[in-house]
Amino acid sequence: MNPVIFLDIDGVLNSTFWNNAHQTEISGGTLIDNEKVRLLTQLAKKTKAKIILHSGWKFWFSPDLHPLRRESENLVKLLRQNGLAIDGMTPDHSTEEIRTSRKFSLVKASEILAWLAAHEEAGQWIVIDDLDLHHQEIEKHQIRTDPNIGLTKGNILQAENMLSG
């Protein structure tokens, strides 16, 4: 049974600070900080974890994980360059109102729990997200990043400890 990383993107693989300093890259459709991808790579390779996308970015992929936008193409490319891939996505429990308001945090917990219920073979799991996901069980498994900083070495150490049991 492989461990699972439920991965958010904004506030994890980029940050408010990074976004403010990289407007040219953002306007070019590249919204990812390579250093954050390297940290994720370290975690995924050390723990042999599968990456399950639970971000609003999942709407930028087809059901078979084919990128539909320049941003998602870039994400796949950066992950591939580091020997990683997106292994799946959580189901969509959002409503039109949630998609319009971008308040995905209201349904992310139920989406993660639904994915876990459908994949009993999953081993240890963590959620990497900058948002409060409004669920006590999810909180026990969450590495909550600071959206102003994104993923850090400290987050990775915490995640390694959680995934190792």
Practice problem: Could you go through segment 36-50 in sequence order and give the Karplus-derived ³J(HN,Hα) for each residue, using 6.51 cos²θ - 1.76 cosθ + 1.60 with θ = phi - 60°, rounded to whole Hz, and x for Gly and Pro? | Solution: 5, 5, 4, 5, 4, 4, 4, 5, 5, 6, 5, 9, 6, 7, 8
Quiz item: Label-point separation (nm) for S164 and K48, each offset 7 Å from Cα along Cα-to-Cβ?
Solution: 1.5 nm
Quiz item: Comparing S62, S72, S94, which has the greatest mean-square fluctuation in the GNM of the chain with Cα pairs linked when under 10 Å apart?
Solution: S62
Exercise. Using DSSP to define loop residues, name the trypsin sites (Lys or Arg not before Pro) in segment 29-100 whose beta-carbon has at most 16 other beta-carbon atoms within 10 Å.
Key: K48, R69
Exercise. Give the order of V127, V37 when sorted by the count of other beta carbons within 10 angstrom, beginning with the fewest.
Key: V37, V127
Exercise. For segment 100-107, just list the computed ³J(HN,Hα) in residue order, Karplus coefficients 6.51, -1.76 and 1.60, θ = phi - 60°, integers in Hz, with x standing in for Gly and Pro.
Key: 5, 7, 6, 9, 5, 4, 6, 10
Quiz prompt | Neighbour-count order for E121, E111, E71, fewest beta carbons within 10 angstrom listed first | solution = E121, E71, E111
Quiz prompt | Beta bridges per DSSP with both ends in segment 4-163, % antiparallel, nearest 5 | solution = 15 percent
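Values quoted throughout were computed directly from the atomic coordinates according to the rules given, and no laboratory measurement underlies them. Bear in mind the structure is a predicted one, so any value in this text is a computation, not a measurement. Please note: Cβ atoms are built from the backbone with ideal geometry, for glycine as well, and neighbour counts cover all protein chains shown.
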